[in-house]
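Taking it in order: structure first as structure tokens, then the write-up.
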Amino acid sequence: MKNLQFLLAFVLLFGCSSADLINNWKNPDIEVYTPNKVLIIGLTSNDNARKKFENELKSEYERRGIIAVASYEYFNSEKKTEQDIDKMEQQIINDGFDTILFTKVIGSDSKTRLAQSYKNIEGTYRDFKEEYYSYQDIIHNPEYYENYQIYHAETELFCVCETEAKRLIWKGYVDITDPISIEDTVSDYVNLVVLAMDEQNLIHVVE
């Protein structure tokens, strides 16, 4: 876990990622997990984001010699009953899948930050006049603060093979801060999840 934290800190520091792994859990009964055929599901109402996300993860698995299918190519996004999901799950097994990677946004928070941050360390040594003059916009400028959004997402790795219980293998909680570009945000998220799963021996990172 310490290695994972170090690697993620390195990526975030030098990669300016918008995605941050907040926590993750791995089934203690499983040391190494190697899927054969993975169904990748990104649950979102944004079709473009869904396709890009699923396609990027699909490519990551295929680079490792693992069969992967994007869910938008496999089933429609119409609302399903529990009976529909039962049938879908059985069809997934019948079609040879042994793994589902399931991602969705589970919440969001609105935050506020200063629109203008500290420019350099020399500001620490300014006198009172300079400090007051610099920061009086706190009172007089409504744009001194800016609002931004943090989205809380969750990615789960399930085994759906018939010889095993349909159990959870791994779960990661990711915060996405102030996303602007779908392309960049999806890439940041995918890279983060792949790195985390590699550290947990759930996917092999290609050199």
Worksheet item: Got a number for the accessible area of E78? Probe 1.4 Å, square angstrom, nearest 10.
Response: 130
Response to the item:
With 0.36 nm assigned to each residue of separation and the Cα-Cα distance removed, S134 to V105 gains 6.5 nm
Item to complete: Leaving ligands, DNA and RNA out of it, rank H152, H204 by accessible area with a 1.4 Å probe, largest first.
Response: H204, H152
Worksheet item: V174 accessible area, nearest 10 Å², 1.4 Å probe?
Response: 0
Item to complete: Just read off the accessible area of V194 with the full protein assembly in place, 1.4 Å probe, to the nearest 10 Å².
Response: 10
Worksheet item: If each of Y148 and V32 carries a label point 7 Å out from its Cα toward its Cβ, how far apart are those two points in nm?
Response: 4.0
Discussion item. On a 1.4 Å probe surface of the protein chains, which of D29, D127, D178 comes out largest in accessible area, and what is the full order?
Written reply: D29, D127, D178
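The values are calculated or read from the model by the stated rules, or taken from the named source; none is laboratory data. Just so we're clear, the structure is a prediction, and the values are computed from it rather than from any experiment. As a convention, Cβ positions derive from the backbone with ideal geometry for all residues, glycine included, and neighbour counts pool all protein chains shown. Just so you know, the surface numbers come from the protein's heavy atoms only, side chains and all, with ligands and any DNA or RNA stripped out. Shrake-Rupley method; radii C 1.70, N 1.55, O 1.52, S 1.80 Å.
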